[in-house]
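Remarks on the structure that follows.
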Amino acid sequence: MTLPEAFVRACADLVGERHVLADPETLDTYATDFWRLIKGRAALVLRPGSTEEVAGIVRLAGEHRVALVPQAGNTSLVGGGGPDASGTQVVLSLARLDRVRSVDPAGDSVVVEAGCTLAAVQAAAEGVDRLFPLSLGSEGTCRIGGNLSTNAGGINVIRYGMARDLALGLEVVLADGRVWNGLRTLRKDNTGYDLKQLFLGAEGTLGVITAAALRLFPRPRERATFFAGVASPEAALELLGLARGRFGELVTSCELINAFCVDIACEHLPGVRFVLTERSPWYVLAEFAWSLPEGLEAAADNFLAEAFEAGLVQDVTRAQSGAQRDMLWSMRDGISEATRTVGAVIRHDVSVPVARVPELIARATALLAKEYPEARAIPFGHVGDGNLHLNALFPLDDPGVPAARKRLPTLVFDLVQDMGGSISAEHGIGRQKRAELHARKDPLDIELMRRLKATLDPEGILNPGVIV
């Protein structure tokens with residue numbers, strides 16, 4: 001379908017000809033997902049440079065009934081930030097909205113535009129001796145508008161919460177082109193509904209986030225990062241329980257990784273090496289942090305000695321420098337990329353109650369062995385908050401992978417639902433999980449979602465086909 005000529009001409013007048021992209025090769029980069037598994041077809045890409053220009057484009061889209069797909073860094077893992085295959089949808093890129101508008105260290109807040117990379121937001125916080133704790137492997141390329149629109153998680157959720165917990169206020173362009181200015185930095189505001197929560201995690205289906213006021217925290221001055229071999233997921237949970245008992249809210253991260261993932265990361269990621277003397281079937285990478293200048297490392301060493309004496313860890317080391325800490329986290333962050341080099345990966349981002357993580361791993365591994373004996377289970381993830389990336393690795397040349405990509409997620413989601421879990425812990429729904437969402441959510445949940453969509457976007461122009 002050809003876009004209305006009047007719409008294209010008006011958009012060019014609004015944002016400038018050079019920010020209206022129509023070259024097929026360029027369009028392809030905006031229409032292909034992070035792992036290059038989901039490929040849509042964009043009719044056009046528009047790159048506004050201000051909130052006013054975003055509002056103008058949305059008004060024009062409403063007038064001409066043109067579907068818009070808001071896109072930040074295009075790092076979605078479920079097809080939520082790219083167009084469908086119809087060739088009728090226009091990508092609304094927010095990458096040019098990349099200003100840090102203000103930083104308030106006294107109020108522990110920062111106001112940034114949606115196109116700021118996560119790394120840029122972190123740097124703005126560091127510039128005033130503060131911490132913005134959202135941390136993801138893609139933080140150099142993902143953008144805060146997308147992080148908020150998908151309610152991103154990451155490695156620090158156990159202490160600081162999800163992206164929605166870090167948002168104080170939002171600026172949002174509504175589907176009719178009006179701008180809702182909710183950029184308040186108040187910690188207390190009981191004046192009715194918390195409207196910003198409508199747009200957090202909505203994946204651009206209810207409005208376009210153009211700026212956000214975010215919470216900052218005291219910057220940790222001392223960290224204790226350790227990597228430990230453990231006998232089982234059950235031992236990892238015992239170790240986590242002991243850590244919480246000793247350090248409470250100072251436990252920032254706790255990751256569970258199986259041995260195969262560690263081996264592949266050490267073999268295929270530059271600069272990553274195995275740091276323990278003994279091999280174990282499972283590993284825990286965890287971190288404690290506080291804002292005092294000293295004392296934590298000694299307490300952590302005492303804790304690790306206690307854990308070793310109790311038989312909870314088989315071998316353990318604590319990072320002795322910032323470089324060693326960075327290497328350990330590079331290993332964890334690079335697992336998905338490393339496993340791609342040795343096979344075809346089918347990924348699942350799920351969660352269950354923390355206490356049931358070992359059961360989930362056991363049941364999912366048995367399920368995979370029964371249904372796809374040629375594949376290997378490679379579970380890893382945020383054991384501290386019950387979120388696992390329950391992935392399956394197939395041989396690179398396995399002809400059955402396309403069929404497995406369609407069938408295996410349903411089997412895994414059946415298992416997760418049976419355990420009272422969620423089919424999407426931190427990646428969102430996008431296009432990829434929409435059918436599963438509608439098949440599993442309570443009908444009243446779906447009805448309320450549809451009512452919200454119909455109320456805030458009655459013409460259905462914002463990211464149609466995503467979530468609802």
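Taken together, the values in this text are just the output of simple stated rules run on the coordinates, not laboratory data. All of these numbers come straight from a predicted model, not from anything done at the bench. Cβ placement follows ideal geometry from the backbone for every residue including glycine, while neighbour counts extend to all protein chains displayed.
Please find the FRET efficiency linking Glu337 to Glu309, where r is the Cβ-Cβ separation and R0 is fixed at 51 Å, and quote it to the nearest 0.05. With a Förster radius of 51 Å, E is 0.90. Normalising by residue count, the chain has a Cα convex hull of 151 Å³ per residue. By the count of neighbouring beta-carbon atoms within 10 Å, fewest first, Thr117, Thr205 end up ordered Thr117, Thr205. With the simple model of a label 7 Å out from the Cα in the direction of the Cβ, Glu5 to Glu278 spans 7.7 nm. Our Cα-only numbers for the stretch 5-93 put the radius of gyration and Dmax at 12.3, 35 Å. Restriction of the trypsin sites (Lys or Arg not before Pro) in the stretch 215-281 to DSSP coil positions whose beta-carbon has at most 12 other beta-carbons within 10 angstrom yields Arg273.
Using the Cβ of Phe380 as centre and a radius below 15 Å, the other residues enclosed give a net charge of -3, where K and R count +1 and D and E count -1. Most simply put, the stretch 31-145 has about 45% antiparallel DSSP beta bridges, counting only bridges with both residues inside it. Look at the dipole of the chain built from charges on Cβ: of Ala366, Ser109, Leu285, the Cα furthest out on the positive end belongs to Ser109. Think of the chain as having a plus end and a minus end, set by charges on the Cβ of Lys, Arg, Asp and Glu; of Phe226, Val316, His348, His348 sits farthest toward the positive end of this dipole. Evaluated with a Cβ-only charge set (Lys, Arg +1; Asp, Glu -1), the stretch 100-218 carries a dipole of roughly 160 debye about its Cα centre, given to the nearest 20.
Under the simplified labelling scheme, the Thr141-Glu234 pair shows an inter-label distance of 4.1 nm, with each label point 7 Å from Cα along Cα→Cβ.
Run through the DSSP bridge list for the chain and note the antiparallel percent, rounded to the nearest 5. Given both bridge residues lie in the chain, the antiparallel proportion sits at roughly 85 percent.
If only the Cβ of Lys and Arg carry +1 and only the Cβ of Asp and Glu carry -1, the dipole of the chain around its Cα centre is close to 760 debye. With a simple spin-label model that places each label point 7 Å from the Cα along the Cα-to-Cβ direction, the separation between Asn302 and Arg65 comes to 7.1 nm.
Kirkwood hydrodynamic radius computed over the stretch 139-190 comes to 12.7 Å, based on all pairs of distinct alpha carbons. Here the alpha carbons of the stretch 343-430 define both size measures, Rg and Dmax, at 12.3, 37 Å. When DSSP beta bridges are limited to those with both residues in the stretch 5-93, what percentage is antiparallel, rounded to the nearest 5? Counting DSSP beta bridges with both partners in the stretch 5-93, the antiparallel share is about 25 percent. Where only DSSP H runs of four or more residues are counted, the chain gives -10500 deg cm²/dmol as its mean residue ellipticity at 222 nm, each run worth -39500 (n - 2.57). Computed about its Cα centre, the charge dipole of the stretch 321-468 is approximately 160 debye, with only Lys, Arg, Asp and Glu carrying charge at their Cβ. How would the stretch 311-374 be classified by its alpha-carbon gyration tensor: rounded, prolate or oblate, with rounded meaning a/c under 1.5 and the a/b versus b/c comparison settling the rest? It comes out oblate by the Cα gyration axes.
Expressed in Å, the radius of gyration and Dmax of the Cα atoms of the stretch 62-211 are 15.2, 49. If you plug the beta carbon distance of Leu452 and Gln417 into 1/(1 + (r/R0)^6) with R0 = 25 Å, you get a FRET efficiency near 0.60.
Given R₀ = 22 Å, FRET efficiency for Val128-Arg221 by Cβ-Cβ distance, to 0.05?
The value I calculate is 0.90.
For the stretch 205-316, the gyration tensor built on C-alpha atoms gives an oblate shape. Its axis ratio a/c (a ≥ b ≥ c) is at least 1.5, and a/b is not larger than b/c.
Placing unit charges on each Cβ (+1 for Lys and Arg, -1 for Asp and Glu) gives the chain a dipole about its Cα centre, and among Gln432, Ala123, Gly460 the Cα reaching farthest toward its positive end belongs to Gly460. Distant-in-sequence amide contacts of Ser102, defined by a placed amide H-H separation under 5 Å and a gap of 5 or more residues or a different chain, comprise Val111.
Taking 0.36 nm per residue of sequence separation and removing the Cα-Cα distance, the Leu292/Arg178 pair yields an extension gain of 36.5 nm.
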